[in-house]
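Trainee: Attaching a single structure in structure tokens format; questions to follow.
The values are calculated or read from the model by the stated rules, or taken from the named source; none is laboratory data. It should be emphasised that the depicted structure is a prediction, and the values quoted were computed from it without experimental measurement. Here the Cβ positions follow ideal geometry from the backbone for every residue, glycine too, while neighbour counts run over all protein chains shown. Heads up: the accessible areas ignore ligands, DNA and RNA and are worked out on the full protein's heavy atoms, side chains in. Shrake-Rupley method; radii C 1.70, N 1.55, O 1.52, S 1.80 Å.
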Amino acid sequence: MRGAVICLVAIIQREALRFVSQRGRFLAALVRPLVWLIVFAAGFRAALGLSIMPPYQTYITYEVYIVPGLCAMVLLFSGMQSSLSLVYDREMGSMRLLLTSPLPRWWLLFSKLIASTLISIVQVYAFLAIAALTGITFPAIGYVLVFPALLLGGLMLGALGLLLSSTISQLENFAGVMNFVIFPMFFLSTALYPLWKMAEASTILRDICAVNPFSHAVELVRFALYGELNAVALLWVLGAFAVFLAGSLWGYDPARGMIRRKA
Amino acid sequence: MTAGLRVQTLTHRYGKKLALDGVSFSVERGAFCALLGPNGAGKSTLFALMTRLFVPESGSISIDGISLHDNPRAALGKIGVVFQQPTLDLDLSVRRNLVYFAALHGLSGRDAGQRIDSALGRLGMAERAGEKVRALNGGHRRRMEIARALIHAPSVLLLDEPTVGLDAATRQAITGHVHDLAETSGLTVLWATHLVDEIRASDRLVIMHKGCVLADGTSAQIAGAAPLADRFLQMTAAGEVA
């Protein structure tokens, strides 16, 4: 047990040190949602009126609406970035080093997930701080309660990244992940528009958004930022996390997974 | 006597392609065994199986008497590995890299610190502990990886073509270091290579080709009257079984 904790702490430290040494990565993670917030949201402000809907108690501006979605966007990109680094690590061999540890493989992979999620949460809080400077604030308790929501959402998206990394054979294929995973997941979610708004355009789109686990991560974060729990979103996120984690453990299983195809 | 490393009738395929075909050999405790084979012989596949990156289709591997299949965690704890590709964080210091590795084996604090100092000292790398890995040359990086593989006091050291990309003098120095380790510390060493000049006449030698063991004995026995390089080329060209 002590060895497992030592290992977890070391993996978190390593990720943190790597993150600190890659300032460009931090800036990119911040600039992306800020561009959406400042440019995109400002442009759409007039075009998109939003009615009162939970957890909001009153009419809100579009900028306020998309902040939780942009928080989840940071988690999504971070999860995929982590997936990219896992493919890189595997090609470069350091993933092999990790997997030769005598600790259980599921624990090693889970530790990687925890570490990358914590790094992405730091980025989300930095984004929320800048959003606060632009006048978009949330109740004080929301900043505390959003932490577990971000942790769960980050773990779920990180597990998806882990699952993808076990199926991607080469670094070059990662562009496909961008096109087929990140963009559809983000745009077909409640990050940018609420479900009722989607339904106005198409009920099929609305249904896709409703079953997209990323939508539920967004809603979990949105409600948490107002000190509320969205139980349905929580169950969806937990369920998706379990499925993605099981898939990634299968993918990295030395006896069964995809990894055996690639010596 | 229990072998340091025992591989029995190991078979593995990638899809329909047979990568290892009933490979068997064992290495005595404390012996230096060279695994010699041309590219594509199956050496890297064998290493991937011995480090449990994946499991074999059939056959077994035991490390210091412990079955890798039945007790993988205990067996992995007995192995030190130096991979063909460097597996270092270039932007972290030598010590930080080693601390990370020690933690992967559940070691921390003073215990880990002493082991790291001892391993670096053995490889003549003590003064470089604070340097960033990026600042080290290829030879020092390799030494550091060997030092790292020794931190948890393994019984068996596996090195997969560890001298790839190094100049002749560095190759000779590293080969010498690892031979000394086997002689002085009782470590069982499996050294995969395709370069015959890294093998001494007294070394145990296993020659692999196309997924099979072609020869198994001491280097001097296998070479006979001819230079080992000639004998190796002759055997792999003919695919003969000694």
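Trainee: Select, from A:S120, A:S82, the only residue that is of a type in the set (S, T, N, Q), open to solvent by 10 Å² or more (accessible area, probe 1.4 Å) and away from every other protein chain (no Cβ under 11 Å).
Mentor: Of A:S120, A:S82, the one residue that is of a type in the set (S, T, N, Q), open to solvent by 10 Å² or more (accessible area, probe 1.4 Å) and away from every other protein chain (no Cβ under 11 Å) is A:S82.
Trainee: Please determine whether any residue of region B:61-71 is in a loop (DSSP other than H, G, I, E, B), away from every other protein chain (no Cβ under 11 Å) and open to solvent by 40 Å² or more (accessible area, probe 1.4 Å).
Mentor: yes
Trainee: Given the conditions (1) out of contact with any helix residue (DSSP H, G or I) (no Cβ under 8 Å at 6 or more places or on another chain); (2) within 14 Å of another protein chain (Cβ to nearest Cβ), which single one is not true for A:S111?
Mentor: (1)
Trainee: Might you let me know whether region B:136-143 holds any residue that is open to solvent by 60 Å² or more (accessible area, probe 1.4 Å), basic (K, R) and not in a helix (DSSP H, G or I)?
Mentor: No, every residue in region B:136-143 fails to be open to solvent by 60 Å² or more (accessible area, probe 1.4 Å), basic (K, R) and not in a helix (DSSP H, G or I).
Trainee: If I filter region A:87-102 for residues that are open to solvent by 20 Å² or more (accessible area, probe 1.4 Å), of a type in the set (F, W, Y) and out of contact with any Ser or Thr (no Cβ under 8 Å at 6 or more places or on another chain), do I get at least one hit?
Mentor: Checking region A:87-102: at least one residue is open to solvent by 20 Å² or more (accessible area, probe 1.4 Å), of a type in the set (F, W, Y) and out of contact with any Ser or Thr (no Cβ under 8 Å at 6 or more places or on another chain).
Trainee: Also, I was wondering about something else. Give the residue, chosen from A:A240, A:A224, that is within 14 Å of the chain's Cα centre (by Cα) and either modelled with pLDDT of 95 or more or in a loop (DSSP other than H, G, I, E, B) (or both).
Mentor: One residue alone meets the criteria, A:A240.
Trainee: Something else now. Do we have any residue at all in region A:159-178 that's more than 27 Å from A:L108 (Cβ to Cβ), of a type in the set (A, V, I, L, M, F, W, C), surrounded by fewer than 19 Cβ atoms within 10 Å (Cβ to Cβ) and modelled with pLDDT under 90?
Mentor: yes
Trainee: Quick check on region B:90-100: of everything there that is open to solvent by less than 40 Å² (accessible area, probe 1.4 Å) and at the interface with chain A (Cβ under 7 Å from one of its Cβ atoms), which residue is modelled with the lowest pLDDT?
Mentor: Top of the filtered list is B:L92.
Trainee: From the list A:L76, A:L48, exactly one residue is modelled with pLDDT of 85 or more, open to solvent by less than 30 Å² (accessible area, probe 1.4 Å), farther than 30 Å from B:F83 by Cα and away from chain B (no Cβ under 12 Å). Which is it?
Mentor: After ruling out the rest, the residue left standing is A:L76.
Trainee: Please pick out the residue among B:G106, B:G80 that is part of a loop (DSSP other than H, G, I, E, B), of a type in the set (G, A, S), within 10 Å of another protein chain (Cβ to nearest Cβ) and surrounded by 17 or more Cβ atoms within 10 Å (Cβ to Cβ).
Mentor: B:G106
Trainee: Considering only residues that are within 13 Å of chain A (Cβ to nearest Cβ) and in a loop (DSSP other than H, G, I, E, B), look in region B:1-34 and name the one that is surrounded by the most Cβ atoms within 10 Å (Cβ to Cβ).
Mentor: B:G15
Trainee: Sort out which residues of region B:205-231 are open to solvent by 50 Å² or more (accessible area, probe 1.4 Å) and within 18 Å of the chain's Cα centre (by Cα), and write them in order of number.
Mentor: B:D216
Trainee: Tell me which of these A:R96 doesn't satisfy, since it passes every other one: (1) modelled with pLDDT under 80; (2) more than 9 Å from chain B (Cβ to nearest Cβ).
Mentor: (2)
Trainee: Right, next: Filter region A:1-30 down to the residues that are modelled with pLDDT of 85 or more and farther than 14 Å from A:K112 by Cβ and list them by number.
Mentor: Residues satisfying the conditions are A:V5, A:I6, A:L17.
Trainee: A:M185 versus (1) open to solvent by less than 40 Å² (accessible area, probe 1.4 Å); (2) in a helix (DSSP H, G or I); (3) under 20 Å from A:L75 (Cα atoms); (4) at pLDDT below 90: which is the lone unmet condition?
Mentor: Among (1) open to solvent by less than 40 Å² (accessible area, probe 1.4 Å); (2) in a helix (DSSP H, G or I); (3) under 20 Å from A:L75 (Cα atoms); (4) at pLDDT below 90, the lone unmet condition for A:M185 is (4).
Trainee: Let me ask something additional. Looking at region B:45-87 only, could you name the residues that are of a type in the set (S, T, N, Q) and under 25 Å from B:L123 (Cα atoms)?
Mentor: B:T51, B:Q84, B:Q85, B:T87
Trainee: If I filter region B:179-188 for residues that are crowded, with 16+ Cβ neighbours inside 10 Å and of a type in the set (D, E), do I get at least one hit?
Mentor: no
Trainee: Of the conditions (1) surrounded by fewer than 21 Cβ atoms within 10 Å (Cβ to Cβ); (2) assigned to a loop (DSSP other than H, G, I, E, B), B:P162 fails just one. Which one is it?
Mentor: Looking at each condition in turn, B:P162 falls short on (1).
Trainee: Still on this structure: From the list B:A168, B:A153, which residue is on the phi < 0 side of the Ramachandran plot, among the aliphatic types (A, V, I, L, M) and open to solvent by 50 Å² or more (accessible area, probe 1.4 Å)?
Mentor: When all the criteria are applied, what remains is B:A168.
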